[in-house]
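Have a look at the structure below, then the notes.
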């Protein structure tokens, strides 16, 4: 199989810059609703992004800054409730149009579909977050364009573990070398490469300067990247392996 069969997209930071003015804002709103003193500014949130997964990120923050919270007998349950509340706030933000697609994403999706290439998603964010972002920022029916959507807690180990990509590959019934992943972070790249998938990195606000060793290419965004460019990268990688 020497032709590109599927594109597998990460979501946060790849399809849309959702972190600083999306997820972070939603987390802070959930904390305020719960009467908590937690407040994540933009710089702190950049540090917290070293941990993938919202519930995992809250636990990481508490381990560093609020050990008393973790000592509560229902700390895990509270984290789940906070995460659910955060998701509600995030969905409202996305539905308001506050989080547009990154440059070039819509065109690349259209070109891939026109070429008959299958589309999939591999992300640590929740399925609800994916659905609303696709619906509000791509097209009302965009979820149906993605044959497989791997999201949230469907696998126990999140990026940089390869589990989410392996899960997506199994459902696409494709070998890793027939696909191309699009990621924005070092953790995401480690995840896709560990699953054996060649990967293009499009840097985002919080990931500039990270170690992207092993990526086929690193670009500031997808504004100048056409589907033909991805095909060329894919074929060049095949010929070199």
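Read the figures in this text as sums done on the coordinates, not as results from a lab. A quick note: this is a predicted structure, and the numbers were derived from the prediction, not measured. Don't worry about glycine lacking a Cβ; one is built from the backbone with ideal geometry, like all the others, and counts go over all protein chains shown.
Each 5 Å bin, from zero up to the one with the longest distance, holds this percent of the alpha carbon pairs of segment 19-95: 3, 16, 28, 30, 16, 5, 1, 0. Max-minus-min Cα coordinates of segment 145-241 on each principal axis give 34, 30, 28 Å, with the largest extent listed first. Considering all different alpha carbon pairs of the chain, the Kirkwood hydrodynamic radius works out to 18.3 Å. Residues considered: 30, 75, 50. Largest GNM mean-square fluctuation over the chain, using C-alpha springs under 10 Å, is found at 75. Stretched out straight at 0.36 nm per residue, the stretch from residue 237 to residue 173 would grow longer than its current Cα-Cα span by 20.9 nm. What is the chain's relative contact order, in percent, from Cα pairs under 8 angstrom and six or more apart in sequence? Reported relative contact order: 25 percent. With helices as the sole contributors, the chain gives -13000 deg cm²/dmol at 222 nm; each DSSP H run of n ≥ 4 counts as -39500 (n - 2.57), and the sum is divided by every residue. Taking the empirical scaling 2.2 N^0.38 Å for compact globular proteins as reference, segment 101-186 has a Cα radius of gyration ratio of 1.07.
Placing a label point 7 Å from the Cα of residue 3 along the Cα-to-Cβ direction, the residues of segment 154-192 whose backbone N falls under 20 Å of that point are 172-181. Applying 1/(1 + (r/R0)^6) with r as the Cβ-Cβ distance of residue 66 and residue 131 and R0 = 30 angstrom yields a FRET efficiency of 0.40.
Axis of helix 227-240 versus longest Cα principal axis of the chain: the two differ by about 80°, to the nearest ten degrees.
Compared with the dominant principal axis of the Cα atoms in the chain, helix 54-65 is inclined by about 50°.
Label sites at residue 41 and residue 113, each approximated as a point 7 angstrom past Cα along Cα to Cβ, lie 4.2 nm apart.
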